[in-house]
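The values are calculated or read from the model by the stated rules, or taken from the named source; none is laboratory data. Everything numeric in this text was worked out from a predicted model, so none of it was measured. FYI the Cβ positions are ideal-geometry reconstructions off the backbone, even for glycines, and counts take in every protein chain you see.
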Amino acid sequence: MSITELTAALGVQTSEPDENGWDWWLFGATCILCGFGLLMIYSASYAGADRTYGDPSHYFTRQVIGIGIGVVAATLVLVVPWRWLRRAVLPTHIATLILLGAVLSPLGHSAKGASRWLALGPMNFQPSELAKLVFVISMAHFLACNEGRLKDVVGVVLPALVLQLAPFVGLMYFQKDFGTTVILAGLSGVLLFVAGLQKRWLVGGAAVALVGLAAMVVGEEYRQRRLISFLDPFADIEGTGYQIIQGWIALATGGPTGTGITSGVAQRGFLPEPHTDFISAVIGEELGAVGWCCAAGLQMFLVWRIVLVSGRARDLFGGLVAVGIATLFGAQAIINLGVVAGLMPAKGLVLPFLSYGASAVIVHVLAAGIVLRVGLESRREVS
């Protein structure tokens, strides 16, 4: 199934490129999400940042720096020749694996029982955020180079899983990053499906993946506690269930229209990580159900625009990259919002563009730039 056939099957209209292929709606949605995220990060973190660092804008400033770095990286993607970007896939793949391995070295920084960061002076960098995007690009490149050959499961599909997916998942396992492992497994399935892998192989692969993920849950006590907490948060009100309960309280307190920006109380020592994983709880408290729905709607609108770009891509590589990025953004948003609402076990995944995290926002802005470039390339073919 081609990208165009898939988007047509979903009822997505793809015949609306601008004169130069630039998607102003996608660009605008990205800018609005970044601005909205900065506003909510400041509101959710100023009290805690003032107590901890003596600077209410500590997290806000770091997020601004992250967005700035992401803009620079995205600009480079937009101006560098497309063939150079294709040639950089393998070196980038290898470099990312090296960074993931470095996390497990003395250069790594651990927190809350997980090793996911590289200590870079005053800031920490999380390679797993970059790994999600690099995996999408690397897998898309491999599948595009083998276009039309996915019936050869032994010669093409297995090497794709062994060479592309397995190294990332293996390093994620040792970093105890279950959330990223779930995302990578899902991304591989989506990319293989869009590239044309037969459904029977996808079903079999999904079954194997589910068994493996279940084994990872059973194999770690803290993951079992998270699962139990998800099933009954009130079983451990002061422990594993505390955060989700406080998130519910914040959402309920907001009502339809919220208490107002900086007027919420959840982030003032009651709700752990209010500016990161649980930023949507703060949005719900301060902007109410209306604001929460707007935030979720913006996320889905961005995903929709990226799907539009994928349908206009001039080749399989560009289409797969756009589909992968759409899946990445959509899956993280759904999982993050689902966790805060108590519909999913805690995963530690940020809400794209809205949660605090310099590493994440750099990658997200860069990813948006890559999609915009795919759109530009789709028009250059016919110009």
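A few points about this structure:
- Ser310 meets each of the listed conditions (1) among the hydroxyl-bearing types (Ser, Thr, Tyr); (2) under 30 Å from Leu85 (Cα atoms); (3) in a loop (DSSP other than H, G, I, E, B) apart from (3).
- Unmet criterion (only one of (1) under 20 Å from Ser188 (Cα atoms); (2) surrounded by fewer than 21 Cβ atoms within 10 Å (Cβ to Cβ)) for Gly297: (1)
- Ser280 passes every criterion in (1) under 22 Å from Pro56 (Cβ atoms); (2) in contact with a helix residue (DSSP H, G or I) (Cβ under 7 Å, 6 or more places away or on another chain); (3) part of a loop (DSSP other than H, G, I, E, B) apart from (3).
- Cβ-Cβ contacts under 6 Å between residues 6 or more apart (or on different chains), taken from a first residue in the stretch 314-326 that is free of Cβ contacts under 8 Å to residues at least 12 places away in the same chain and crowded, with 24+ Cβ neighbours inside 10 Å to a second residue that is part of a helix (DSSP H, G or I) and of a type in the set (Val, Ile, Thr), are absent.
- Among the criteria (1) under 22 Å from Ala322 (Cβ atoms); (2) crowded, with 16+ Cβ neighbours inside 10 Å, the one Arg149 does not fulfil is (2).
- Scanning the stretch 251-276 for residues that are more than 24 Å from the chain's Cα centre (by Cα) and buried (at least 19 other Cβ atoms within 10 Å of the Cβ) yields a count of 4.
- Residue match in the stretch 153-170 (condition: surrounded by fewer than 18 Cβ atoms within 10 Å (Cβ to Cβ), touching a residue at least 24 places away in the same chain (Cβ under 8 Å) and out of contact with any Ser or Thr (no Cβ under 8 Å at 6 or more places or on another chain)): yes
- Output for the stretch 119-166, where each listed residue is among the acidic types (Asp, Glu) and within 12 Å of Leu192 (Cα to Cα): Glu147
Quick grid of which residues meet (1) basic (Lys, Arg); (2) more than 22 Å from Tyr173 (Cα to Cα); (3) in contact (Cβ under 8 Å) with a residue 60 or more places away in the chain:
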position: Leu213; (1), (2), (3): no, no, no
position: Phe234; (1), (2), (3): no, yes, no
position: Ala252; (1), (2), (3): no, yes, no
position: Pro256; (1), (2), (3): no, yes, no
position: Ile261; (1), (2), (3): no, yes, yes
position: Val265; (1), (2), (3): no, yes, no
position: Leu271; (1), (2), (3): no, yes, no
position: Val290; (1), (2), (3): no, yes, no
position: Cys293; (1), (2), (3): no, yes, no
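- So Glu238, is it surrounded by fewer than 19 Cβ atoms within 10 Å (Cβ to Cβ), in contact with a helix residue (DSSP H, G or I) (Cβ under 9 Å, 6 or more places away or on another chain) and at pLDDT below 80: no
- Verdict on Ile362 being more than 20 Å from Trp292 (Cα to Cα), in contact with a Phe, Trp or Tyr (Cβ under 8 Å, 6 or more places away or on another chain), among the aliphatic types (A, V, I, L, M) and in a helix (DSSP H, G or I): no
- Qualifying residue in the stretch 370-378 (condition: at pLDDT below 85, more than 17 Å from Gln126 (Cβ to Cβ) and surrounded by 20 or more Cβ atoms within 10 Å (Cβ to Cβ)): yes
- Leu351 vs. criteria buried (at least 24 other Cβ atoms within 10 Å of the Cβ) and not in a helix (DSSP H, G or I): yes
- Hey, Ile334 modelled with pLDDT under 95, within 13 Å of the chain's Cα centre (by Cα) and part of a helix (DSSP H, G or I) or not: yes
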